[in-house]
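Derivation of every value follows stated rules applied to the coordinates shown; laboratory data play no part. Everything numeric here is computed off the predicted structure, so don't read it as measured data. Here the Cβ is made from the backbone with ideal geometry for all residues, glycine too, and neighbour counts use every protein chain on show.
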Amino acid sequence: MSVENKSPQKSATADGRVDIITTLLSTNLRIFVPTVFGPIIGWAADKLLGTRPQFILIGLGLGVVLAALLVYRQYINVIKEK
């Protein structure tokens, strides 16, 4: 019979890596989704209203601001957990 010797340090390191990877993936989604879908929604509004780049630019601007706010909130939550 072999007994596995799992040291707490190894599992803590593995958990830390998983936390970092999860945080990075979450951050990428928080940046990607608003900055892509903001202009898409703006394009649809432009097409519907017959205007040209106004709503695409507004959607991009709102998407970038929303992405920055989401990443900031995530940063605050990560800092609070430590």
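Annotations
- The residues of the stretch 49-77 that are of a type in the set (A, V, I, L, M) and out of contact with any Phe, Trp or Tyr (no Cβ under 9 Å at 6 or more places or on another chain), listed by number, are Leu57, Ile58, Leu60, Leu62, Val64, Val65, Leu66, Ala68, Leu69, Leu70, Val71, Ile76.
- Filtered by the rule that a residue be in contact (Cβ under 8 Å) with a residue 24 or more places away in the chain and surrounded by fewer than 14 Cβ atoms within 10 Å (Cβ to Cβ), the stretch 37-63 gives a lone residue, Phe37.
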